[in-house]
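Please read the structure below before turning to the comments.
We did not get these values from a lab; they are worked out from the coordinates using the rules stated. Worth saying up front: this structure is predicted, and the values here are computed from it rather than measured. With ideal geometry, Cβ positions are generated from the backbone for all residues, glycine too; neighbour counts draw on all protein chains shown.
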Amino acid sequence: MKDQLEELVDAAHDLYSENSIYEVMDLDRSAAIARVVEMYGGSVDLGRMEWYYAVLDQIRKWRESTAL
């Protein structure tokens with residue numbers, strides 16, 4: 001299962017920088033989008049952001065399943 005988490009984190013890093021995931025992990029969807037736009041400027045591709053947020057959702061689900 002740890003390999004799956006590493007793959008998800010790598011996927012998020014491929015979409016945006018290594019630090020971005022840690023800055024938005026615990027934010028809701030609109031706050032995460034606002035933060036990424038703040039970090040990368042107004043030229044953020046919304047399709048790419050949707051994919052990024054889907055990866056974050058998968059990471060959150062992974063964290064919840066391992067907390068049990």
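Of the residues D14, D26, D45, the one that moves most in a GNM of the chain with alpha-carbon contacts below 10 Å is D45. Every Cα-Cα pair in the chain was counted, and those over 19 Å apart are 27% of them. Projecting label points 7 angstrom from Cα along Cα→Cβ for R60 and E23 puts them 1.9 nm apart. Shape analysis of region 16-55 yields a ratio of the Cα radius of gyration to the Kirkwood radius, Rg/Rh, of 0.89. Could you tell me which GluC sites (Glu not before Pro) in region 1-42 are loop residues by DSSP with no more than 14 other beta carbons within 10 angstrom of their beta carbon? Filter output for region 1-42: E18.
So if we plug the beta-carbon distance of D45 and H13 into 1/(1 + (r/R0)^6) with R0 = 22 Å, what FRET efficiency do we get, rounded to 0.05? Write down the numbers at each step before the final one.
Numbers: r = 16 Å, r/R0 = 0.74.
For D45 and H13, the calculated efficiency is 0.85.
Helix 29-40 and the longest principal axis of the Cα set of the chain meet at an angle near 60°. For the chain, the longest principal axis of the alpha carbon atoms and the long axis of helix 46-67 meet at an angle near 30°.
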